[in-house]
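A quick write-up on the structure given underneath.
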Amino acid sequence: MCRHLGWLGEPASVASLILDPPNGLLVQSYSPRRQKHGTMNADGWGTGFFDGDAPRRWRSAAPLWGDVSFASVAPALRSECVVAAVRSATVGMPIEPSASAPFTDGRWLLSHNGVVDRSVLPLSPAAESTVDSALLAALIFQRGLDSLGETVAEVGAADPNARLNIMAGNGSRLLATTWGDTLAILRRDDGVVVASEPYDDDPRWEDVPDRHLVDVSPGSVELIPLKG
Ligand code: GLN
């Protein structure tokens, strides 16, 4: 399972969200604290952020800890909305930059933490890679993010072994689901972090129960139970 993080709030640097925290995505790439499946996330990483309305991405198939160029530039990348992930590839899946989240349809950035049987997903020419997560992202983009909860419940019903934790942002809204893995929310004074696991020991982190949708927009955080 991978680990991912979303940010919605005042402009924050990518480094302050994923590289600097004591247990941020950088440390989670080699030593996650709550990961149930897999021990490391060394098969790639990706950072997406909004530059005005435009989603921008930097993705790699190498471990995050080895990327000195990213470490140098990340403090200068500031955004109101960030979606980032470190990857532990599911057995049999390709390891290539285009298989690393976040995926995009040009409006949303989306990460999948989990696994799904590709035979329950439609083949899509829009998928960026043959990895299960890219096929799932293409389906979610095609159905529309307003239907994220329904799409996750439907795919979960088609593949009862699927784990479907999604993180998606569009610059002014952050959506996340729990379906088989951990997720936590930190409400800071300057914005909201939603992450697979807490990046520090701040007592304000709240765990999200399984099979829920988290819907964050400026000034609001909603938790909605998913069907199934
Ligand atoms: N199944 C996806 C992949 O292979 C996600 C893996 C994960 O969450 N660890 O990349």
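The values are calculated or read from the model by the stated rules, or taken from the named source; none is laboratory data. In this text, all values refer to a predicted model and were calculated from it rather than measured experimentally. Every residue, glycine among them, receives a Cβ derived from its backbone with ideal geometry; neighbour counts consider all protein chains shown. Ligands, DNA and RNA are stripped out before the accessible areas are found, and what is left, the full protein with its side chains, is counted by its heavy atoms. Shrake-Rupley method; radii C 1.70, N 1.55, O 1.52, S 1.80 Å.
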- Message: Can you tell me what share of the DSSP beta bridges in the chain is antiparallel? A percent to the nearest 5 is fine.
- Response: 100 percent
- Note on the structure: Residue separation between A76 and D146 times 0.36 nm, minus their alpha-carbon distance, gives in nm 22.0 nm
- Message: Whole angstrom only: what separates the Cα centroid of the range 178-228 from the Cα centroid of the range 96-113?
- Response: 20 Å
- Task: List the residues of the range 91-114 whose backbone N lies under 12 Å from a point placed 7 Å from the Cα of T130 along the Cα-to-Cβ direction.
- Result: 92-95
- Mind checking the full-extension length gain between D190 and D207? Use 0.36 nm per residue of separation minus the Cα-Cα distance, one decimal, nm. 4.2 nm
- Hydrodynamic radius by Kirkwood for the range 97-143, inverse mean 1/r across distinct Cα pairs, in Å, is 10.5 Å
- Task: Place the peptides 45-53, 108-116 in order of packing, highest mean first, counting for every residue the other Cβ atoms within 10 Å and averaging per peptide.
- Result: 108-116, 45-53
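With the cut-off at 1.5 for a/c, could you classify the range 114-228 from its C-alpha gyration tensor as rounded, prolate or oblate? Intermediate values should be presented prior to the final figure.
Working: a/c = 2.03, a/b = 1.71, b/c = 1.19.
The shape class here is prolate.
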- Message: I need the trypsin sites (Lys or Arg not before Pro) found in the range 31-63, filtered to DSSP loop residues with at most 11 other beta carbons within 10 Å of theirs.
- Response: K36
- Item | Rounded percent of accessible protein surface that carbon and sulfur make up, the chain, 1.4 Å probe | 51 percent
- Query: How high is the relative contact order of the chain, in percent, with contacts defined as C-alpha pairs under 8 Å that are six or more residues apart?
  - Reply: 22 percent
- Here the tail fraction of P(r) beyond 21 Å, over all Cα-Cα pairs of the chain, rounds in percent to 48 percent
- Förster-model FRET efficiency, 30 Å R0, T39 and R173, C-beta, rounded to 0.05: 0.35
- accessible surface per residue for the range 1-109, probe 1.4 Å, DNA/RNA/ligands not counted, whole Å² -> 41 Å²
- Per the Cauchy relation, a quarter of the hull surface: what is the mean projected area of the convex hull of the alpha carbons in the range 1-128, in nm²? 8.0 nm²
- Message: Please state the shape class of the range 14-65: rounded when a/c is under 1.5, otherwise prolate if a/b exceeds b/c and oblate if not, all from the C-alpha gyration tensor.
- Response: prolate
